[in-house]
Amino acid sequence: MWFRLDWQDTDEIIKVLEKLSTKYPNKKICILWDNAGWHKSKKLREKLQKGNSLQRIHLMNFPPYAPDVNPEEHVWRFGKDMLADQTLNSFEETKSLFENSIQGKLFDYKIPEFVLR
């Protein structure tokens, strides 16, 4: 599952996590992601506490400076490779081509065990 963000900051991340939580109302959710500041902000941590809107979500971070173990980096690489050597007329066209290239594609990736410890 992926969500298009207009910007990457804490407020946008909270909106997406709330959408995800609404999509799976009776499930506990665990998300593994990188160490971006907006993934670890005080405001986000407060929303994750018991009694708050994101209490069913547990966040785990990949090791810092380890893009090789982050599956998201493989998605970005695939999408960028699809855009390589193409002349596009607008940023909107570029975004659409990128999204169409990754949408519905299954990426065969296993998270290394040391990340899950």
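The values are calculated or read from the model by the stated rules, or taken from the named source; none is laboratory data. The structure presented is a predicted model; accordingly, all values stated were derived computationally and were not measured. Neighbour counts run over all protein chains shown; Cβ positions are idealised from the backbone, glycine included.
Taking (1) within 30 Å of Glu92 (Cα to Cα); (2) surrounded by fewer than 11 Cβ atoms within 10 Å (Cβ to Cβ) in turn, Pro25 satisfies each apart from (1). Scan the range 45-63 and tell me whether some residue there is in contact with a Leu (Cβ under 9 Å, 6 or more places away or on another chain), of a type in the set (Ser, Thr, Tyr) and surrounded by 10 or more Cβ atoms within 10 Å (Cβ to Cβ). Yes, the range 45-63 has at least one match.
Could you list, in sequence order, all residues of the range 23-46 that are of a type in the set (Gly, Ala, Ser) and either on the phi > 0 side of the Ramachandran plot or not in a helix (DSSP H, G or I) (or both)?
Within the range 23-46, Ala36, Ser41 meet the criteria.
The residue that is farthest from Tyr109 (Cα to Cα), counting only those in the range 47-75 that are assigned to a loop (DSSP other than H, G, I, E, B) and aliphatic (A, V, I, L, M), is Leu54. Applying the set (1) over 16 Å from Leu32 (Cα atoms); (2) surrounded by 14 or more Cβ atoms within 10 Å (Cβ to Cβ); (3) not acidic (Asp, Glu) to Asn70 leaves exactly one unmet item: (1).
The condition (being assigned to a helix (DSSP H, G or I) and surrounded by fewer than 13 Cβ atoms within 10 Å (Cβ to Cβ)) is satisfied by just one residue among Lys105, Lys80, Lys110: Lys80.
Return yes or no: is Leu5 part of a loop (DSSP other than H, G, I, E, B), under 15 Å from the mean Cα position of the chain (by Cα) and free of Cβ contacts under 8 Å to residues at least 60 places away in the same chain?
yes
Just one of (1) exposed (fewer than 11 other Cβ atoms within 10 Å of the Cβ); (2) at pLDDT 90 or above fails for Gln86. It is (2). With the requirement that a residue be of a type in the set (A, V, I, L, M) and over 15 Å from the mean Cα position of the chain (by Cα), what does the range 45-90 give you? Hits for the range 45-90 are Leu48, Leu54, Ala66, Met82, Leu83, Ala84, Leu88.
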